[in-house]
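The values are calculated or read from the model by the stated rules, or taken from the named source; none is laboratory data. Keep in mind it's a predicted model, so treat the numbers as computed, not measured. Using ideal geometry, Cβ is built from the backbone for each residue, glycine included, and neighbour counts are taken over all protein chains shown. Just so you know, the surface numbers come from the protein's heavy atoms only, side chains and all, with ligands and any DNA or RNA stripped out. Shrake-Rupley method; radii C 1.70, N 1.55, O 1.52, S 1.80 Å.
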Amino acid sequence: MSDSESVPLQPPPRDSLSSYQGTAPPPQVPPSISSSISEYSLSSVALLFSVPALGGALFGYDIGATSFSITQMQNEDYSGVLWWHTVQSSPVWTGTIVSAVSAGALLGSFLMFLFADAIGRRTELRLGAVLYLTGAALEGWTARSEDWSGGLGLMVLMSGRLIYGVGVGITMHGAPTYLSEQSPANIRGLLVSAKEASVVFGIAMGYYFGFIFSNTVGGWGITYGMAIIPA
């Protein structure tokens, strides 16, 4: 055979192929939710989640509390105010009191549409907390002022509910974005979903405290005022 003739390549022996099989990396298994959480400090994640969750819970709390409060407000024996008959006899006033928080939330959402990027998410949540606190205090104070006229009492009550509603709009705008920006990527969806669950928890707490104080004179003010504690 001359040097110019090509020599056909032979496949490597089967034994040599088997020697390479052990060097392939094992398949990658996607981490579970529990292993993802274990990569972070649970206390830090809980602290990060607590503020937006409280904002959602206070939103839900007003929904549950109002279902008891508006009924008690219309009762001569348990309202604790002189203007109970005005609320009882006027569907317009009843609907206005109930929907005032929604109107405030609409205003708060519109304001954040304009100014959210300028003030940042943390400032949104802080501002929402201040408005929650102020609104709940005014609502509770209205029930303690037995000698107020109907005009003054309803004006203070409506002011408190509108302020509380603006707090709802601001907080519900900032909370999901804050969680999505600050939480670890692989548990971000879990935390945002849990924040929505906190709204339902707040509704249940509103029903609970409304029922507890349903037979107390002026109990609707106590029910509303309970929101001061978490705010």
request  = Please work out which one of (1) of a type in the set (Val, Ile, Thr); (2) closer than 30 Å to Val217 by Cα; (3) more than 16 Å from the chain's Cα centre (by Cα); (4) open to solvent by 20 Å² or more (accessible area, probe 1.4 Å) is the condition Ile119 fails and give its number.
outcome  = (2)
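Residue-by-condition table, conditions (1) hydroxyl-bearing (Ser, Thr, Tyr); (2) in a helix (DSSP H, G or I):
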site	(1), (2)
Ser79	yes, no
Val98	no, yes
Ser102	yes, yes
Leu106	no, yes
message = Of everything in region 198-231, what is aliphatic (A, V, I, L, M), open to solvent by 60 Å² or more (accessible area, probe 1.4 Å) and within 11 Å of the chain's Cα centre (by Cα)? Give them in sequence order.
response = Val200
message = I'd like to know if region 34-52 contains one or more residues that are at pLDDT 90 or above, of a type outside the set (Gly, Ala, Ser) and more than 21 Å from Val217 (Cα to Cα).
response = no
task = Residue by residue through region 64-79, note down the ones that are open to solvent by less than 80 Å² (accessible area, probe 1.4 Å) and either among the β-branched types (Val, Ile, Thr) or under 20 Å from Val101 (Cβ atoms) (or both).
result = Gly64, Ala65, Thr66, Ser67, Phe68, Ser69, Ile70, Gln72, Met73, Gln74, Ser79
key: Residue list for region 186-196, restricted to those being open to solvent by less than 60 Å² (accessible area, probe 1.4 Å) and in contact (Cβ under 8 Å) with a residue 24 or more places away in the chain   = Ile187, Leu191, Ala194, Lys195
note = Going through (1) surrounded by fewer than 21 Cβ atoms within 10 Å (Cβ to Cβ); (2) within 19 Å of Thr94 (Cα to Cα); (3) in contact with a Ser or Thr (Cβ under 7 Å, 6 or more places away or on another chain) one by one, Leu152 fails only at (3)
